[in-house]
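What follows is a set of notes on a single structure, which appears directly below.
The values are calculated or read from the model by the stated rules, or taken from the named source; none is laboratory data. Since we're looking at a predicted model, the values are computed, not measured. Using ideal geometry, Cβ is built from the backbone for each residue, glycine included, and neighbour counts are taken over all protein chains shown. Ligands, DNA and RNA are excluded from the accessible area calculation, which covers all protein heavy atoms including side chains. Shrake-Rupley method; radii C 1.70, N 1.55, O 1.52, S 1.80 Å.
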Amino acid sequence: MKAALVGAGGELLHQARRATGRERGPEAVVAGILDFAAELRAVGADRFGEPARAAGVAVPGIVDERAGTAVYAANLGWRDVPLRALLGERLGGLPVALGHDVRTGGLAEGRVGAGRGADRFLFVPLGTGIAGAIGIDGRVEAGAHGFAGEIGHVVVRPQGLPCPCGQAGCLERYASAGAVGQAWAAACGDLGADAADCAKAVVFGDERAERVWRDAVEALADGLVTALTLLDPRTLIIGGGLAEAGETLFTPLRDAVRRRVTFQKLPEIVPAALGDTAGCLGAGLMAWDLLHTPTTPPEVTT
């Protein structure tokens, strides 16, 4: 878990980390979140002379942001957790915003990161899987049911590899960091190899790595062109572990997207700027949004 105190302008005032404790079960994870938030609020009061005015929390899985419920998270083992209410109670009635981790990170990238100034952007982190956040005029669209932006489950290879979602040929089965790592491990015979190893091998001219990388980039370009055809973003922000390869990824990706567009306007394709602080910043920005009135430091949110 990562947590932070965030100023009104999106500045990080204090950061902290701790393990989720998921091996102890879902109830322990929830208890850990509540304890962590309470401790952080106390830090804010001690350091800045008053406690945070609002709180934001971002979680993975299926999130009902309006109801304030963490509906489902396979990795954490929870279902229908009323996290907003629990956190508000623990923090003495403090206003609490609950968001999806990718959309929350996208909110930060759009407002204070790589998408700053763009009225329309799409944030796509390439990690174990692939998700997306659709940015519109400084906010992130959750969709009617909370599933907006799930670009990782756009089918790019019909009748392709089966996906845990129940479809076959989903984008994340070909272009996520997890998928590239699996493909490279099979190609090089090292079961411990990952996507970063593949990127390094590409730089050194390994033909097997180049094939794996090319296949992933082509699949990613197919999925992204589908997304930009539907959404027409001004800026396309790529983050996550795979983006850490830098121009080893971005040069061929920009070329692949450019080859595919016809009538569409080609967006600016840029790396994410905030790294693993995006989620904390986004949660803080959601908390500030709850307050509706501008304030100045030392007032903080957590």
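Tell me, how many Å apart are the Cα centres for region 63-82 and for region 7-41?
So the two Cα centres are separated by 16 Å.
How do the peptides 193-204, 14-25 rank, highest first, by the average count of neighbouring beta carbon atoms within 10 Å per residue?
Working: 193-204: 18.5, 14-25: 12.6.
The densest-packed peptide leads the list: 193-204, 14-25.
Would you compute, from DSSP H runs of 4+ residues alone, the mean residue ellipticity of the chain at 222 nm, taking -39500 (n - 2.57) per run and dividing by the full residue count, rounded to the nearest 500?
On the way: 9 runs with 121 residues, N = 302.
The helix contribution divided over the chain gives -13000 deg cm²/dmol.
At 25 °C and 0.890 mPa s, grab the translational diffusion coefficient of region 168-302 from Stokes-Einstein with a Kirkwood Rh over Cα pairs, rounded to a whole number in µm² per second. Please list the in-between numbers first.
Numbers: Rh = 16.9 Å.
Rounded to a whole number, D works out at 145 µm²/s.
Could you state the number of Å between the C-alpha centres of region 202-237 and region 100-156?
17
Assign unit charges at the C-beta atoms only (+1 for Lys and Arg, -1 for Asp and Glu), then state the dipole size of region 87-152 relative to its Cα centre in Debye, rounded to the nearest 20. Please report the intermediate quantities before stating the final value.
Numbers: 6 positive and 7 negative charges, 28 e Å.
Here region 87-152 has a charge dipole of around 140 debye.
Treating the beta-carbon of each Lys and Arg as +1 and of each Asp and Glu as -1, no other charges, what is the dipole magnitude of the chain about its Cα centre, to the nearest 20 debye?
Values: 29 positive and 35 negative charges, 60 e Å.
My answer is approximately 300 debye.
Looking at the P(r) of region 218-267, how many percent of alpha-carbon pairs lie beyond 17 Å?
Working: 365 of 1225 pairs.
Taking all Cα-Cα pairs of region 218-267, the fraction more than 17 Å apart is 30 percent.
Could you give the length gained by full extension between L191 and E23, i.e. 0.36 nm per residue of separation minus their alpha carbon distance, to one decimal place? Each step should come with its number before you reach the end.
Numbers: separation 168, 0.36 × 168 = 60.48 nm, distance 2.48 nm.
Stretched out fully, the L191 to E23 stretch lengthens by 58.0 nm.
Could you pull the Cα extents of the chain along its three principal axes, largest to smallest, in whole Å?
So the three principal-axis extents are 58, 43, 37 Å.
DSSP H helices in the chain with Cα extent of 18 Å or more along the helix axis and mean Kyte-Doolittle hydropathy at least 0.0?
26-48, 207-231, 278-291
With a sphere of radius 14 Å drawn around the Cβ of R103, what net charge do the other residues whose Cβ falls strictly inside it have (Lys, Arg +1; Asp, Glu -1)?
Numbers: positive: R66, R111, R139; negative: D64, E65, D101, E109, E141, E150, D289.
The answer is -4.
Ignoring any ligand, DNA or RNA, what whole percent of the accessible area of the chain comes from carbon and sulfur when the probe is 1.4 angstrom?
Working: 7400 of 14090 Å².
The nonpolar share, carbon plus sulfur, comes to 53 percent.
Mean separation of Cα pairs under 8 Å and 6+ residues apart, divided by the residue count of region 62-171: what relative contact order is that in percent? Please list the in-between numbers first.
Details: 183 pairs, mean separation 17.9, N = 110.
For region 62-171, the relative contact order is 16 percent.
Roughly how many Å² is the accessible area per residue of the chain, as a whole number, for a 1.4 Å probe? Walk me through the numbers before you get to the answer.
Working: 14090 Å² over 302 residues.
Value returned for the chain: 47 Å² of accessible area per residue.
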